[in-house]
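Take a look at the structure below.
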Ligand SMILES: CC(C)(COP(=O)(O)OP(=O)(O)OC[C@H]1O[C@@H](n2cnc3c(N)ncnc32)[C@H](O)[C@@H]1OP(=O)(O)O)[C@@H](O)C(=O)NCCC(=O)NCCS
Ligand SMILES: CC(C)(COP(=O)(O)OP(=O)(O)OC[C@H]1O[C@@H](n2cnc3c(N)ncnc32)[C@H](O)[C@@H]1OP(=O)(O)O)[C@@H](O)C(=O)NCCC(=O)NCCS
């Protein structure tokens, strides 16, 4: 192993196997792990924990930054190691266990988890298992492709297990900006005043006595899997690009827009790709996850700077970008998710936030998490941190799901993650509804006219017209408000019989 | 009129009657008015506008801080002056017009309205009508018993009408701290770091050329009407006080607690009164509205300092407090509502936020605004600003409403203002549920065990047990989720027939 990776030499004695490290974790412990949207997760010790649990069953509370690489949550779930899991996940096996009620999942705003830990509302944390690119001379833990919650976990946990990942480029050192807010109620302002503000250190300072074990690994992050843009994602992107153009024309924004946040996934990627072709320039990002499209925009020179908490790339991009990360280092920073998602900073910078909805309703309430109000998909993630405090809060979704059996625009969402108060703009492949300064009845007309797929438009309009007869500030036919979801459950489609005949 | 009230003498020429001032406002204009929870509202010009509209019909968009004195919204509604109204109201006549769809009401987080105005998403604002205690030599507008949105309205509106209210004590001058955040995206941190931080000026600096008219008035604010504490509000207060005691015992808080925010109304008042008897001391408030109980706590010395955006008192307290306001001035500050409710400051100070719910559900989602999901009561007000970013987000409500025909704890709320992510503690007269770090199924058990009235407990438990059979992270019987509300509409009570027989 290169000496540069563990520069505090006495720590070399703490190198053990993943199995040895995993044996330290005891039943009932609260364990923090690095990892944010597949990036920078601990890779060896969690799998060793799962192996151990086959022989020696034990359960833990697992707290991470966000989702982990593609195997970790699955393997831990299959080994029945997870009693409790927070604050986000996106693994199909774990998701099923959560929905069966086997794993208690606490779905949390991503900026808040370490606040709870710091104030003793969560914890105490027994172990933090953190992937690092290096440990410096003064016991600074250098994160890898994400910061997530790793910094606060490392500082607050009783003991640390470090995975030094030789497969992650040593040149990641210097990319991170580690700043920890001071204790409340005497906290100072967080001094980020622009996307490129650097306010902290390049590593996480810990007491070497806390490092219980070091494990050496060489495995890359799980690559992101992005679908190619399709007609719907392209249509969403182009509605949004046109909208930005109008905001510029009306003098509310200039061509550099405001700092951008974009959720993960195909649509966000398509929107960012769309920005590359428009008249916009000197863009900046203040986001959570930096994806392939961020680097395309940096390459074209349209994007000046990107701040995030993780870099999650497809396999091809990962090879290219991480092979040459120094080329980008002066235009990138990775921050703790508490800072990337901090309400204080989001409000201050005036962010344009673009996140994905599962469904929204005629009044602009958004469901990002629960199918039929009951089945968890992934979690709220950072969408609430951004949507609440953004300058513009935008939600996007395809107008239809499951081949048209589901309309993503419904009378009433079956679960609310973002209330109408936090939603400015809604976009589907059909069009864009600008809800700013509209009352609920006006919102409904804008959404029905612009967002719902034509195969559901008459059906939705019929609901709204009958609701109007019953009256109220936010008219509903309460007995039918969730009937579309019920119909999908019983008949397989949200279409009512009159509509089915026509379509 | 005392010369001290208009100290920029050339402005004396602009004194006109309320009717003359009202004639300046034209059909279709956007008008801002001072006023926050009855305090410091413009009193003469709005009524003159209503008189004028009887002969010369016209309509405006009316934007305020929050609710106005008890007649203003009623009279304007009856005169059909209001086309649009934001961001909050609490008048029965206006409420009915909103629910009939006659007035378009935009229900907004109270910290956000002036952000929208500043960024051109709302407005432009044609007139601001602001009550003032005085106009200084350098054209500083000195607010009266509230700041609300008055400062930004005065700065951003094209023209100003000032009501100098001689009925408000001249000694109010010096109480206010007027700070306006700088323009985004180059905004600086808001430098409030404790409840007593003073970061601005004592008046709102405006260009004298913008002052179109000055009207002299002498009328007091409408007094607050508080019900005497009853068995339920006392029970809620005592559950909460016991909870605070436990938090102190467990070392998460000390006896000075964290800065407190309390919503308006009887329950909040009872909780604050309860604090006076407990072991707590050196308390601080960082709230919106300062009520009678705030002054009791200041008088006993338990409360060191109170920061708010308005002072709303009962008639007896108003006479006593405003008659001797100098006694309190070094322990009080009134701020723009953008600052009293600012997410940045709320998160920084680690506020304990206590707000009132209409109803909440077994998973902890809170409805603060809509009866049966459709009929607006008042609006979300500042509850969202506080709940989202508080150190502890507490919602309180009586377990029953309408003599037991309504359970305030329901299977699924009919409207969501605060999602489960933003709710830590729920309290009713029955007890307190601590939801921190609980998964939905655990939340349901805690809420059913601790919060629901015994007359509905078996019925609610029955719902939950059947939902569990259907499964999901957040189990629901979707076809029955809103059935309690429907039953209340059709039969007059939420009780099902089996339950009715037993009770
Ligand atoms: C909402 C969210 C699940 C959408 O995911 P996505 O991959 O972008 O969107 P897709 O359209 O591909 O939908 C994902 C799945 O949900 C299904 N779906 C979409 N809308 C649906 C609806 N209204 N009802 C039921 N299922 C729906 C899709 O069919 C698809 O199913 P599949 O995986 O079986 O093919 C995802 O964005 C998310 O988890 N968001 C919350 C967290 C967040 O916003 N973070 C942002 C900060 S990073
Ligand atoms: C929620 C809110 C309406 C409660 O008001 P309150 O006066 O404290 O509470 P009350 O228990 O007296 O209830 C008010 C009315 O709602 C009714 N009510 C209460 N719970 C109800 C329920 N679940 N369903 C229907 N009606 C209900 C009461 O019967 C009462 O009706 P009445 O006026 O006809 O007697 C009020 O707190 C509010 O508007 N909150 C939103 C704004 C806010 O939180 N601001 C906080 C920062 S200042």
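Worth pointing out:
- 0 to 90° range, to nearest 10: angle between helix B:231-249 axis and chain B longest Cα axis: 80 degrees
- Span from the the stretch A:439-480 Cα centroid across to the the stretch A:74-124 one, whole angstrom: 37 Å
- When both the stretch A:1-61 and the stretch B:131-209 are represented by their alpha-carbon centers, they are found 56 Å apart.
- Cα extents of the stretch A:1-107 along the three principal axes, largest first (Å): 47, 30, 19
- Equivalent ellipsoid of the protein assembly as shown: semi-axes from √(5λ) of the C-alpha gyration tensor, largest first, are 45, 32, 30 Å.
- Rg ratio (alpha-carbon, reference 2.2 N^0.38 Å) - chain A: 1.00
- Each DSSP beta bridge with both residues in the stretch A:231-456 is either parallel or antiparallel, and the antiparallel ones are about 30%.
- Estimated FRET transfer efficiency (residue B:329, residue B:249; beta-carbon r; R0 56 Å; 0.05): 0.95
- Global form of the stretch A:156-280, assessed from the alpha-carbon gyration tensor, a/c cut-off 1.5: oblate
- Computed E for residue A:225/residue A:171 - FRET, C-beta separation, R0 35 angstrom, nearest 0.05: 0.85
- Distance between modelled label sites at residue A:8 and residue A:320, nm, 7 Å Cα→Cβ extension: 3.8 nm
- Here the gap between residue B:256 and residue B:205, fully extended at 0.36 nm per residue and compared with their Cα-Cα distance, gives a gain of 14.7 nm.
- P(r) for the stretch B:231-456, from all Cα pairs and a bin width of 10 Å, is 8, 34, 37, 18, 3, 0 %, short bins first.
- Teacher prompt: residue B:57 distances to equivalent labels in other copies, 7 Å Cα→Cβ, nm: 7.5
- Rounded to 5, percent antiparallel among DSSP beta bridges of the stretch B:322-404: 45 percent
- Stokes-Einstein diffusion for the stretch A:57-149, with the hydrodynamic radius set to the Kirkwood value over Cα pairs and evaluated at 10 °C in a medium of 1.306 mPa s, equals 111 µm²/s.
- With a 10 Å cut-off around each Cβ of B:477-483, the average count of Cβ atoms from other chains is 5.
- Per-residue average of Cβ from other chains inside 10 Å of B:92-102: 2
- Overall form of the stretch B:9-217 per C-alpha gyration tensor (a/c, 1.5; a/b vs b/c): oblate
- Spatially, the stretch A:380-417 and the stretch A:313-344 are offset by 26 Å when compared through their Cα centroids.
- Average beta carbon contacts from partner chains per residue of B:116-127, 10 Å cutoff: 2
- Relative contact order %, chain B, counting alpha carbon pairs below 8 Å whose residues are six or more apart: 13 percent
- Between copies, the label points of residue A:15, set 7 Å from Cα on the Cα→Cβ line, lie 8.8 nm apart, reported in increasing order to one decimal in nanometres.
- Calculated [θ] (222 nm, deg cm²/dmol) that DSSP helices of n ≥ 4 give over chain B, each run adding -39,500 (n - 2.57): -8500 deg cm²/dmol
- Remark: spin-label model distance residue A:401-residue B:461 equals 3.5 nm, labels positioned 7 Å along the Cα→Cβ axis.
- The stretch B:93-234 shape via C-alpha gyration tensor axes, a/c threshold 1.5: rounded
- For residue B:462, inter-copy separations between label points set 7 Å beyond Cα along the Cβ vector come to 3.4 nm, shortest first.
Just so you know, all these numbers are worked out from the coordinates, no wet-lab data involved. As the structure is a computational prediction, the values presented were derived from the model and not from experiment. All Cβ positions, even for glycine, are placed from backbone atoms using ideal geometry, and neighbour counts span all protein chains on display.
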